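S.K.: Here it is, the structure, as structure tokens.
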Amino acid sequence: MRTRDGASSSADEVYTTLRGRFANGDLAPGERLTEAALAQELGVSRTPVREALGRLQTDGLVVPAARGVAVAALSSDEIEHIYELRATLEGLAAAHAARQQAAGLVAPAVIRDLQDAADEVAQAVDDGDTKRSARANMAFHRAFADIPKNPFLEDALHRIWDRIAVSTVSNLSDGDWAKTVLSQHQDICRAIVAGDEKAARDAAEDHIRAAMRIYRAAHT
């Protein structure tokens, strides 16, 4: 069994760092990533970088390229497929969160954190900071998806979110859509707080499908 010290631990750190960049939408489709440049930037040898890039390739986040890898680009059909799956999974997460709230299983602090996450998106949008808005937006989605405490659902959603983070940044550069996002986030919050399972599922699914329509319109 491999240990988590030495090169393996360094590879974990590099992998986590790079996954964070995908999640924040900091890496553009087609962007080149090389072992040498990343090793120098992160202050590690090329071995853990190579291992981390291999894991990212297995995740589908990068593809082989000359002297390294490139950030994977999704086709229009793949974007459609992944958003449809995202809508279903986030709808499931919101519904389960509402069910647990109705059963009295969600701590008040968790509900406050959810509302705080929605408020942070609103503040970032008001400030006109697209990158911060995108990061806050993903934090909001993670906040309600974490409530059911279903590790398989969380893992599936994190993989999806990392693949489509760039599209979130693109969408939130549309001022009208950014304002619509705030209203739809509040719909999700209200449904979860009310313990209304159907309303929570519908609000989350409608939100993601609306995001897909915005992205489609901007890229056709």
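The values are calculated or read from the model by the stated rules, or taken from the named source; none is laboratory data. Everything numeric here is computed off the predicted structure, so don't read it as measured data. Quick reminder, even Gly has a Cβ in these numbers, built from the backbone with ideal geometry, and neighbours come from all protein chains shown.
S.K.: Of everything in segment 23-70, what is assigned to a strand (DSSP E or B), of a type in the set (A, V, I, L, M) and free of Cβ contacts under 8 Å to residues at least 24 places away in the same chain? Give them in sequence order.
M.R.: Result: Val63, single match.
S.K.: Shifting gears a bit: Scanning segment 125-141 for residues that are closer than 17 Å to Glu90 by Cβ and of a type in the set (A, V, I, L, M), which turns out modelled with the lowest pLDDT?
M.R.: Checking each candidate, the answer is Ala134.
S.K.: Still on this structure, I have one more. Is there any pair linking a residue in segment 8-20 that is part of a helix (DSSP H, G or I) to one that is acidic (Asp, Glu) and loosely packed, with under 14 Cβ neighbours inside 10 Å, with Cβ under 9 Å and at least six apart or on different chains, and which?
M.R.: Final answer for the pair search is none.
S.K.: Being among the aliphatic types (A, V, I, L, M), under 19 Å from Leu18 (Cα atoms) and surrounded by 15 or more Cβ atoms within 10 Å (Cβ to Cβ) narrows it down to one residue among Ala136, Ala122; which is it?
M.R.: Of Ala136, Ala122, the one residue that is among the aliphatic types (A, V, I, L, M), under 19 Å from Leu18 (Cα atoms) and surrounded by 15 or more Cβ atoms within 10 Å (Cβ to Cβ) is Ala136.
S.K.: Now a separate question. Quick check on this structure: which one of Ala118, Ala122, Ala97 is under 22 Å from Gly25 (Cα atoms) and touching a Phe, Trp or Tyr at 6+ places or on another chain (Cβ under 7 Å)?
M.R.: Ala118
S.K.: While we're looking at this one, here's another question. Could you grab me the full set of residues in segment 93-115 that are in a helix (DSSP H, G or I) and buried (at least 20 other Cβ atoms within 10 Å of the Cβ)?
M.R.: Once the filter is applied, which keeps residues that are in a helix (DSSP H, G or I) and buried (at least 20 other Cβ atoms within 10 Å of the Cβ), segment 93-115 yields Ala93, Ala94, Ala95, His96, Ala97, Ala98, Gln101, Leu114.
S.K.: Do you know which of the residues in segment 49-58 that are under 14 Å from Thr17 (Cβ atoms) and of a type outside the set (Lys, Arg) is surrounded by the fewest Cβ atoms within 10 Å (Cβ to Cβ)?
M.R.: Glu51
S.K.: Shifting gears a bit: Answer yes or no: is there a residue in segment 84-102 that is touching a Lys or Arg at 6+ places or on another chain (Cβ under 6 Å) and not assigned by TED's automatic domain parsing to the domain that holds Phe140.
M.R.: The answer is no, given that none of the residues of segment 84-102 is touching a Lys or Arg at 6+ places or on another chain (Cβ under 6 Å) and not assigned by TED's automatic domain parsing to the domain that holds Phe140.
S.K.: Checking Ala73 against (1) under 22 Å from Arg135 (Cβ atoms); (2) touching a residue at least 24 places away in the same chain (Cβ under 8 Å); (3) over 21 Å from the mean Cα position of the chain (by Cα): exactly one of these is not met. Which one?
M.R.: Going through the list (1) under 22 Å from Arg135 (Cβ atoms); (2) touching a residue at least 24 places away in the same chain (Cβ under 8 Å); (3) over 21 Å from the mean Cα position of the chain (by Cα), Ala73 breaks only (3).
S.K.: Somewhere in segment 148-156, is a residue modelled with pLDDT of 90 or more, under 22 Å from Ser76 (Cα atoms), surrounded by fewer than 21 Cβ atoms within 10 Å (Cβ to Cβ) and in the same structural domain as Ala87 (by TED's automatic domain parsing)?
M.R.: Scanning segment 148-156 turns up at least one residue that is modelled with pLDDT of 90 or more, under 22 Å from Ser76 (Cα atoms), surrounded by fewer than 21 Cβ atoms within 10 Å (Cβ to Cβ) and in the same structural domain as Ala87 (by TED's automatic domain parsing).
S.K.: In segment 122-151, how many residues are in a helix (DSSP H, G or I) and over 21 Å from Ala98 (Cα atoms)?
M.R.: Of the residues in segment 122-151, 12 are in a helix (DSSP H, G or I) and over 21 Å from Ala98 (Cα atoms).
S.K.: While we're looking at this one, here's another question. When Arg46 is evaluated against the numbered criteria (1) at pLDDT below 95; (2) buried (at least 18 other Cβ atoms within 10 Å of the Cβ); (3) touching a helix residue (DSSP H, G or I) at 6+ places or on another chain (Cβ under 6 Å), which criterion, by number, is the only one it fails?
M.R.: Failed condition: (2).
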